[in-house]
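What follows is one structure encoded as structure tokens, with my remarks underneath.
The values are calculated or read from the model by the stated rules, or taken from the named source; none is laboratory data. Note that the structure is a prediction, hence the values are computed from the model and not measured. Don't worry about glycine lacking a Cβ; one is built from the backbone with ideal geometry, like all the others, and counts go over all protein chains shown. Heads up: the accessible areas ignore ligands, DNA and RNA and are worked out on the full protein's heavy atoms, side chains in. Shrake-Rupley method; radii C 1.70, N 1.55, O 1.52, S 1.80 Å.
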Amino acid sequence: MRSYAGRLGSLLPRATRLKLDRKGKFGAAILGAYVLVAFVGLYLVRDPVQQDLVHRLAGPSWHHWLGTDSLGRDMFSRLIAATRTDLRFGFLAMLIPLAIGTVLGAVAGYLGGIADSVIMRLADLVQSFPVILLFLGVAAAAGTTDSFLLLGPGELPIMIVFALVGWVVYARLIRSEILRVRNMDYIDAARGGGLSTPRIIVRHILPNAIPQTVVYAVVDVGLAVLSLASISYLGLGIPAPNPEWGAMINDGQIYLAQQWWLVVAPGIAIAGLGIALALIGDGLDDEMRR
Amino acid sequence: MSGDTALEVRGLQVSVGSGHAVKGVSLGVRAGECLGIVGESGSGKSLTLRAVADVLPRGVTRAAGDVVVHGRSAMVFQEPMTTLNPTMRVGDFIAEGPRSRGVPKREARRRAVELLAEVGVPDPAVRARAWPHQLSGGLRQRVMIAAALAVEPSVLLCDEPTTALDTTVQAQLLALIDRLRAERGMAVVFVSHNLAVVSRVAQRVMVMYAGRVVEEGPTQEVLRRPRHPYTQALIETIPRRGVAAGQLTTIQGAPPDPSEEFTGCAFAPRCARAEDTCTSLRPPMLEAVPGHTAGCHFVAAPRAIAPSKEGV
Ligand SMILES: Nc1ncnc2c1ncn2[C@@H]1O[C@H](COP(=O)(O)OP(=O)(O)O)[C@@H](O)[C@H]1O
Ligand SMILES: [Mg+2]
């Protein structure tokens with residue numbers, strides 16, 4: 001019986017025999033810290049939505065490491081709680097479009113013909129559509145949606161927009177890699193050996209077409225978090241009072257002159273995650289070019 | 001030694017969009033027999049084989065003709081870098097054939113190790129767990145042959161399987177293919193641009209030019225008494241003892257584009273003895289002696305240009 005890691009290893013060959021270079025390992029260490037915080041952080045800090053109007057906008061102290069916000073909520077607790085929101089959202093906002101894009105890209109690339117034309121025209125259409133309009137469209141719904149499966153309150157409509165838009169890049173990446181891999185003799189050998197089309201796609205084409213996409217997917221998590229923060233900053237994202245880095249920056253910006261850390265702390269959190277993911281993506285990329 | 005017919009191809013035409021790259025090829029191979037196909041690059045050898053294996057590239061179609069394989073065919077390709085799936089251990093790759101036909105995983109794995117042993121891979125159980133990039137070009141081709149054998153083929157199609165390898169390894173692989181043919185009673189079609197290589201494994205050869213067969217016969221007979229001027233020219237390009245490399249003849253001119261259609265003989269523009277009839281009338285395949293045919297108007301009176309011990 002092959003281990004799960006072995007199976008993953010055969011699906012993401014060069015990428016998961018994770019020979020990350022030094023900067024990649026550094027990025028992985030930072031990401032590891034974020035993930036740890038996302039999983040256990042919430043249990044170590046106090047309630048991130050508990051208001052204390054007497055102690056509004058308090059400065060950093062032993063009690064409130066990063067002070068309190070305009071409603072007297074503990075900023076450090078909110079920052080930690082937001083890590084879970086943003087990370088979970090970022091990964092899902094990568095995985096869901098990745099899944100959709102892989103299937104559509106694989107179908108387009110392997111079958112070609114009409115399926116290819118239809119899927120790629122759809123991709124063009126999606127790409128030419130102003131995304132911000134979609135976010136405006138779902139903003140109202142976001143305020144009233146409950147948690148859904150892995151998604152927190154208000155996240156479902158936003159995720160739907162990410163899924164509708166995000167698959168396009170993955171479909172294009174996978175399709176072009178499949179067009180390359182399809183011409184390899186081992187695909188003909190598999191076809192000649194009488195293997196079924198799904199088996200050829202899943203076991204012979206996709207594992208060779210996916211590695212390039214993995215690099216993009218890693219970086220894409222950071223982009224998704226940045227997008228979520230941006231639309232939350234615009235007030236179109238995660239509804240109050242749920243902690244989210246972009247929304248926190250929005251909340252804090254009017255106090256920038258005095259309580260600058262209300263903006264800088266979530267800003268650093270976002271930047272740190274983005275840098276960590278970029279380092280990993282870059283480290284993988286260099287490794288795969290070898 | 002030769003048994004029943006294992007492969008029959010009649011009137012095969014392969015269209016590449018702009019024209020036909022294979023213009024009516026017929027051939028037959030018996031179980032336990034190796035047919036060699038030679039010809040310059042671009043003469044349609046690979047497309048003929050791919051049409052038989054039903055793995056034509058996209059945009060290329062079989063326009064006419066019948067292919068009858070008695071049993072199964074399996075193909076061995078030229079380029080050892082692209083013939084093995086880089087994301088699969090070689091044992092798993094070999095096991096794909098049996099597994100897709102419902103053989104349980106363990107059984108298929110065991111079979112893969114046996115096949116590696118059969119094709120002369122040392123330490124087969126260890127090598128089965130290797131990745132393709134860990135193997136030399138020669139070993140990769142042995143693995144590819146094992147993967148082809150895994151589908152229990154009655155016909156093994158080899159497309160220049162030794163061209164990318166150095167001569168020692170090439171000789172070993174030719175010996176391997178010859179042994180497998182004899183032991184398994186398999187029909188083999190062996191394609192190469194190199195007549196010398198083909199003559200080491202094939203009992204019969206077929207010479208192709210511009211998508212057509214121009215000569216066919218028993219290997220030794222064709223080598224000693226070539227009937228088509230193109231075959232004669234090919235033989236003169238074979239390095240021989242006592243002939244310095246610089247003295248070797250090369251065939252003047254270039255082969256025609258596959259989409260080009262000729263009313264006469266496609267080789268006429270490059271042929272030293274071409275006459276008016278050659279450009280106006282396509283020569284039919286004529287029998288020189290029983291079992292040896294050539295598509296040249298002058299088959300009956302071949303010009304003796306190939307030095308031969310027995311004379312012509
Ligand atoms: N995929 C393809 N698409 C279009 N033309 C092709 C393709 N493959 C081969 N051809 C053309 O068909 C002719 C015969 O090719 P091929 O059978 O590969 O020749 P050989 O194997 O004898 O070198 C060549 O002239 C080549 O240009
Ligand atoms: Mg070829």
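I'd like the carbon and sulfur percentage of the solvent accessible area for region A:20-289, probe radius 1.4 Å, heavy atoms only, ligands and nucleic acids excluded. Let's see the in-between values first.
Details: 8570 of 12250 Å².
Taking all protein chains in place, region A:20-289 shows 70 percent carbon and sulfur surface.
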**Item:** Contact order relative to length of chain B, as percent, for alpha carbon pairs under 8 angstrom and 6 or more apart
**Value:** 21 percent
**Complete:** Per-residue ellipticity at 222 nm attributable to helices in chain A (runs of n ≥ 4 DSSP H, -39500 (n - 2.57) apiece, nearest 500 deg cm²/dmol) works out to -23000 deg cm²/dmol
**Residues in region A:41-56 that a label on residue A:71 would reach, taking backbone N under 12 Å of a point 7 Å out along Cα→Cβ** = A:48-53
**Prompt:** Nearest-5 percent of antiparallel DSSP beta bridges in chain B?
**Reply:** 60 percent
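Cα convex hull of the protein assembly as shown: how many Å³ per residue? Intermediate results must be reported in sequence, preceding the final value.
Working: hull volume 119.3 nm³, N = 602.
Here the figure is 198 Å³ per residue.
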**Prompt:** At a probe radius of 1.4 Å, what is the per-residue accessible area of residue A:170, in Å² to the nearest 10?
**Reply:** 0 Å²
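Out of all DSSP beta bridges with both ends in the protein assembly as shown, state the antiparallel percent to the nearest 5.
Numbers: 28 of 46 bridges.
For the protein assembly as shown, the DSSP antiparallel bridge percentage is about 60.
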**Message:** Counting heavy atoms of the protein chains only and a 1.4 Å probe, report the per residue accessible area for chain A as a whole number of Å².
**Reply:** 48 Å²
**Request:** Assuming R0 = 25 Å, can you tell me the calculated FRET efficiency for the pair residue A:63 and residue A:271, based on Cβ-Cβ distance, to the nearest 0.05?
**Result:** 0.40
**Request:** Let me know the mean shielding of B:98-111 by other chains, meaning the per-residue number of their Cβ atoms within 10 Å of its Cβ.
**Result:** 1
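Please compute the volume of the convex hull spanned by the alpha-carbon atoms of chain B and report it per residue in Å³.
Details: hull volume 44.5 nm³, N = 312.
Looking at chain B, the number lands at 143 Å³ per residue.
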**Simple Cβ-charge dipole of chain A, Lys/Arg +1 and Asp/Glu -1, about Cα centre, in debye nearest 20** = 1060 debye
**Request:** Starting from the Cα gyration tensor of region A:105-157, take the square roots of the eigenvalues, sort them a ≥ b ≥ c, and report rounded, prolate or oblate (rounded when a/c is under 1.5, otherwise prolate if a/b is larger than b/c, else oblate).
**Result:** oblate
**Asked** What distance in nm separates the simple spin-label points at residue B:133 and residue B:196, each placed 7 Å from Cα in the Cβ direction?
**Response** 3.5 nm
**Fill in**
Working note, region A:20-289: Cα radius of gyration (Å, one decimal) and Dmax (Å, whole number) are 21.6, 76
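What order do you get for B:277-285, B:215-223, B:45-53 when each peptide is scored by the mean count of other beta carbon atoms within 10 Å, highest first?
Numbers: B:277-285: 15.0, B:215-223: 20.6, B:45-53: 23.9.
So the peptides B:277-285, B:215-223, B:45-53, ranked by packing, come out B:45-53, B:215-223, B:277-285.
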**Item:** Dipole of chain B [Lys/Arg +1, Asp/Glu -1 at C-beta], most positive-end residue of B:294, B:266, B:56
**Value:** B:56
**Asked** Hey, what did chain A get for relative contact order, percent, Cα under 8 Å, at least 6 apart?
**Response** 28 percent
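For peptide A:190-203, what's the mean number of Cβ atoms from other chains within 10 Å of each residue's Cβ? Don't skip to the end; give the middle numbers.
Details: counts 7, 4, 15, 17, 8, 6, 1, 0, 0, 3, 2, 0, 0, 8.
Counting Cβ atoms of other protein chains within 10 Å of each residue's Cβ and averaging gives 5.
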**Item:** Residue-span extension gain [residue B:168 to residue B:101] - 0.36 nm each, minus C-alpha spacing
**Value:** 20.5 nm
**Prompt:** Hey, in the GNM for chain A with a 10 angstrom Cα cutoff, which one of A:232, A:128, A:176 fluctuates hardest?
**Reply:** A:128
